Amino acid sequence: MILPLVLHPDDHLRRENTEITEITEELWALLDDLHATMLAHDGVGLAAPQVGRNVRVAVVEAEEGDLIELIDPVIIDSRGADVDVEGCLSIPHVYGTVERPDEITVRYYDRDGDELEMTCYDFLARAVQHEIDHLNGVLFIDKMIERIPEDQLESYMEDKLAAEIVEELAQDLPETDATEQTEPTKGNTDTSAAAAAAEAEKTDDTEDDAAADSASPAEAEPKEER
C-alpha cells in the first residue's frame, strides 16, 4: 500500500521513535508499505516517521532490487568523510550539501528478527545515514552546508562528477622516479669514465710538450761531464 507522506514541518519528523520489541505481521506490512511508498515517489530510502509512524524502522534501496530493511538500526563504526548533495521526500524541492562518513558499519535486525551487521560505502552509506537520522528526529537540513537551488542541481552534479573523474585519472598516472632522471645508466657511467681518462691523458701529454718547448737550450740538452 502507498502511504501518504508527512511533510516538513510536521512534528512527526521530530518526535522520539520507539524501538521494535516484537516481530509481527503489522511490522511486515509496514516494511512492505514503506518500500511501495518509496518506489512510488522515486526515492532511495524512507523511514517510518515520514509516513506518520514513530517507530525505528526504515528501508533503503540504493540499487534497484537490492532492498535493505532496517529495524532498530545503530551505527557502530564510521570512517572517512565526504560532501555530497542530498534531498528528502519529506522536504520537497530543497537540496543541499551534507558532510557524512563515507564508510559505516550498522547493526540492525531484519524482518525475521535476526541481528545483522553491514558495512557500506559511499552512496549507500549516505542513504543509510540519512534514514537513521530520521529515526533520531534529525533532518538533512539540520546538517546542510550549502543549499543548491533546484534549477542548478543538474549542473552542480555534472561538475562534481567531472571533478571526480579528473581526480581518478590523476591518481592513475604513474609517478616519475626522480632517481631515474638524475642518475646515469651504468653504460653511460663507463663511457664517461673512459672519456675522462682519455682527456686526462691528453692533458698530461700537452703539459709535457709545453714544458719541453719552454725550456732553454742549456736546460734542454744534457751538459757534458768535465
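The values are calculated or read from the model by the stated rules, or taken from the named source; none is laboratory data. Just so it is clear, the model here is predicted, and its values are computed rather than measured. Positions of Cβ are backbone-derived with ideal geometry, glycine not excepted, and every protein chain shown enters the neighbour counts. Heavy atoms of the whole protein, side chains included, go into the accessibility calculation; ligands, DNA and RNA do not. Shrake-Rupley method; radii C 1.70, N 1.55, O 1.52, S 1.80 Å.
For every residue, the table says whether it meets (1) among the hydrophobic types (A, V, I, L, M, F, W, C); (2) buried (at least 16 other Cβ atoms within 10 Å of the Cβ).
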| site | (1), (2) |
| --- | --- |
| Asp11 | no, no |
| Glu16 | no, no |
| Pro73 | no, yes |
| Ile91 | yes, yes |
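Annotation: of all residues in segment 146-197 being among the polar types (S, T, N, Q) and assigned to a loop (DSSP other than H, G, I, E, B), the one that is modelled with the highest pLDDT is Thr176. Among the residues in segment 108-116, are any over 22 Å from Asp11 (Cα atoms) and among the aromatic types (Phe, Trp, Tyr)? Yes, segment 108-116 has at least one match.
Beta carbons closer than 6 Å, at least 6 apart along the sequence or on distinct chains, pair a first residue in segment 60-88 that is farther than 30 Å from Ala29 by Cα with a second that is part of a loop (DSSP other than H, G, I, E, B) and of a type in the set (A, V, I, L, M, F, W, C) for Val85/Ile148.
Within segment 90-102, residues that are within 20 Å of Thr119 (Cβ to Cβ) reach partners that are among the aliphatic types (A, V, I, L, M) and open to solvent by less than 40 Å² (accessible area, probe 1.4 Å) with beta carbons closer than 6 Å, at six or more positions or on different chains, in the pairs Asp102/Ala125. Out of (1) open to solvent by 60 Å² or more (accessible area, probe 1.4 Å); (2) more than 31 Å from the chain's Cα centre (by Cα), what's the single condition that is false for Leu39? Among (1) open to solvent by 60 Å² or more (accessible area, probe 1.4 Å); (2) more than 31 Å from the chain's Cα centre (by Cα), Leu39 violates only (2).
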